[in-house]
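Here's the structure, in structure tokens; my notes come after.
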Amino acid sequence: DIRRLRSLDALRGLALCMMIFCNGDTGYPDVFEPSRTWVGVPTVADVVESGFAWCLGFALALVADIAYSRHATKAALFNKVVLRSTCLLVIALGLERTGHSKGISYLTPLSRLSAVHFVVGTTVVAAP
């Protein structure tokens, strides 16, 4: 009996599609490229990752609330946070090793989202 918040799923799906669009070689104008220096106006790529991170944090808070109502322990929730963060990081490093980039960069969008997931998840679990 898993109830889903469809609006959050839709926003998350839109953010994922836009991330794929921004990270791919689309040949479209620079509006889809992340800005290297701040010029006062964010590009689509600058907004998309932040939007997905917001969805990630919101979903973590909802899941923790449901889990606590089902009498889950903080240790069990923390173990899930660590497992998912580690999986995201392993996937990010695995994608880096496929030859799509020059060298290994530890600051890819997926590795940053892994760190965000760990920090937010730990905060949600540690909160009273």
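The values are calculated or read from the model by the stated rules, or taken from the named source; none is laboratory data. Keep in mind the model is a prediction, meaning the values are calculated, not measured. All Cβ positions, even for glycine, are placed from backbone atoms using ideal geometry, and neighbour counts span all protein chains on display.
Below, the figures for the structure above:
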| quantity | calculated |
| --- | --- |
| Out of G57, G99, sole residue that is surrounded by fewer than 15 Cβ atoms within 10 Å (Cβ to Cβ), of a type in the set (G, A, S) and either assigned to a loop (DSSP other than H, G, I, E, B) or modelled with pLDDT of 75 or more (or both) | G99 |
| Given (1) modelled with pLDDT under 85; (2) in contact with a helix residue (DSSP H, G or I) (Cβ under 7 Å, 6 or more places away or on another chain); (3) under 25 Å from L14 (Cβ atoms), number of the condition I104 does not satisfy | (3) |
| Residues (at pLDDT below 70 and touching a Cys at 6+ places or on another chain (Cβ under 6 Å)) located in the stretch 12-45 | F32 |
